[in-house]
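The values are calculated or read from the model by the stated rules, or taken from the named source; none is laboratory data. Just so we're clear, the structure is a prediction, and the values are computed from it rather than from any experiment. Here the Cβ positions follow ideal geometry from the backbone for every residue, glycine too, while neighbour counts run over all protein chains shown. Side chains included, ligands, DNA and RNA excluded: accessible areas come from the protein's heavy atoms. Shrake-Rupley method; radii C 1.70, N 1.55, O 1.52, S 1.80 Å.
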Amino acid sequence: MSGPNAPTRTGPTRTGAPRTDPIRTVVIGGGIAGLASAALLAKEGHQVTLLEAHDTLGGRAGFWESEGFRFETGPSWYLMPEVFEHFYRLMGTSAAEQLELTRLDPGYRVFFESSPEPVDVRAERADNIRLFESLEPGAGAQLEKYLASAKETYDMAVDRFLYTSFASFKPLLVRDVLSRMGRLGRLLLQPLDRFVAGYFRDPRIRQILGYPAVFLGSSPDRTPSMYHLMSHLDLADGVLYPQGGFTRLIESIVDIARAEGVIIQTGATVQAIRSGATPSGRGAKAAVEGVTYTTAAGATVTLDADIVVSAADLHHTETELVEPAKQTYPERWWQKRTSGPGAVLVLLGVSGELPKLAHHTLFFTKDWADNFDRIFGTKTSVPNPASFYACLPSSTDPGVAPDGASNMFLLIPVPADTGIGHGGIDGAGSAGVEGIADAAIGQLAEWAGIPDLAERILVRRTIGPADFADDLNSWKGGALGPAHTLKQSAFFRGTNVSKHIEGLYYAGGTTIPGIGLPMCLISAEILLKRIRGDVSTGPLPEPLPAVLR
C-alpha cells in the first residue's frame, strides 16, 4: 500500500534520502477490536498484518457447531446501532449493506423470583412507559424523566468522552462540559442502584434498570450512575439482532479488512513484543521492533514492525508479552484493579420450541444484593439461586438450529475465578461448572414453566472461567474485562499507548473506552486518532479519506 497520502516512516535511509515506504503494522488478536483496528489502519495506508492464535476469527465473539446447531459463545446483544453504522461508514459501506437487522419485540423478557408473571420490555419507548406505569402508579412519568436524563448523558458521552484517548484534557474544557461539572460529579460518585431508587420504588423496575451494570462487568451498587445512559439503548432505542448472528458481524469486518489489504494469519500465537534498548534520558522510550510468534506447525517466526497494536487481553499483553522493565501495567498495577465477573456458559440444543422464552430472557433472584456480593464481594462464592441470562436466537434466526429444534445458551455470572473450572461436552466439564449448569437449567425450567426441559436436551456444552483464561488469555478468567467501577472508567481506566515502548498501542474491551462490541469498535477508532495525534473528542468524519495504492 503506497501513495502520496499514505503514512510513511520518518527519518532518512542509509543513503540519506527520506523514507517513502508505508508503516509496517502488526495487530495482535483477531477479535472485533483487532479486526476493526486492522481495517482502519489499512485504510489509512498502513501495511497491516493481523495475527490470531486460533484457527477462527472473532475472539470472544466465537461460535461452535454441533449436530446442525450453531452456537455463539460471546456477545449476543446488538445495542448502540449508530456505532456499528459509523464504523461501516468510515470504511465506505453501511450496516444495511453488510447486515440484515431484525428489531426484537419484546426486546427482552424478565422472570422475577418475587413475582409469578414475567415482564416484557418492548421495542417502543411509549410501550415501556405504559409498562412501567402498570407496575407502579406514577412510574410512567418517572420513566420519561429517567430516559430524558439517560439520553442527555448518552449524547454527552458520545460527543465528549467515548471517542477520545484522553491524550489531552484541553478539548474537554468547553462550555457544555464545564456547565455540567456538578451533575457529572454526582453521576460519577453516586452508584447506579441509589440513582434508580430516587425515581422508582417497585423492586422489579429497580432490577430492570440496574441490570445493565452487568453488561459493564460490575454490579448496580458498584457502577457509577453515569451509566444509567444504558437504559436509553434498550428502553428507548430498542434491541436489534443481525441475521446470521454475531458470526455474520465478524465475517463482515473480516471481509472489509481483507478488502483493504490486511494480511490475516490464523494459528499464529504471539510469544513476545520486541523492542530495542531504552535510550538514556528522562522519559526516553524504547522503540518497538516487531513481534515473535509461533505457527500452528510449531515454527518460530520473527516479524518486524514499526507499530504493534495489541488487541489481546491487556493483562496478558503487559505481563506476558512485554519484558518487565518496559511494562506500563505490571502485575502490581493489576493487584489494585477489579475484574468483571466470570461466567459459566451453557450451550443447549433442545428438541421442540420454547415459546415461554423470548430471544433475550433474564432471570432475577429476590435477594439481589446477596447475588452480587457473592460475585464481587471480598469473600466470593457461586450464587444459588442465581440471576442469569438466557438467549434463544432460534426464535429469530432459523439458521442456527435444525427444523423442529431450539438453540439456547445460558450465561450465569460467577466470580472471576479459574478455580471454578473448565467446561466440557455432554457433562464432561469440571464438577463445579457442570453443577452450576445443572442448577441453572433446573431453575429456568421451574421459573419459566418448562418442566421437561432437561429431558429434551439434544446437545450440551459448557464453558467455564478456566476456559476463558486458557482460550482468550482472560485476566482471572473473567468473561468481560476490568469492571466499570469509578476507578476503572474513562481516563481512570488506563491509556491505549505504552508509556515505555514507542510504537506499542492497545485496543479492545480491556482498555479504553471499555467493555462491549460497540466499545471495541470505538477503541479501534481511538487507536487511529492516537496514532494520528488527534485529540478531538467526537467520532471521525465519514468516510475515511481514500489512500492511493
*So which GluC sites (Glu not before Pro) in the range 318-362 end up in coil per DSSP with only 15 or fewer other C-beta atoms within 10 Å?*
Glu353
*Can you send over the carbon and sulfur percentage of the accessible area for the chain, probe radius 1.4 Å, protein chains only?*
52
*Go ahead and estimate [θ] at 222 nm for the chain from helices alone: -39,500 (n - 2.57) per DSSP H run with n ≥ 4, summed, over the residue count, rounded to 500.*
-8500 deg cm²/dmol
_Reachable aspartates and glutamates, given that their alpha-carbon falls under 16 Å from the alpha-carbon of Lys336 and they are not under 8 places away in the same chain_ = Glu318
*Please tell me which of these pairs span more than 23 angstrom C-alpha to C-alpha: Lys145/Lys356; Lys43/Lys529; Lys285/Lys529; Lys326/Lys379; Lys151/Lys366; Lys170/Lys499?*
Lys145/Lys356; Lys326/Lys379; Lys151/Lys366
*Only helices at least 24 Å long along their axis, Cα-based, and averaging -0.5 or more on Kyte-Doolittle count here, so list those DSSP H runs from the chain.*
431-448
*Highest to lowest packing among 450-457, 522-529, scored as the average C-beta count within 10 Å*: 522-529, 450-457
_Let me see the P(r) profile for the range 252-345: every Cα-Cα distance counted, bins of 10 Å, each bin given as a percent of all pairs._
13, 34, 33, 18, 2, 0
_Calculated FRET efficiency for the pair Asp426/Ala197, C-beta based, R₀ 30 Å, to 0.05_ = 0.10
*What is the local net charge at Leu178, summed over the other residues whose Cβ is closer than 13 Å to its Cβ (Lys, Arg +1; Asp, Glu -1)?*
+4
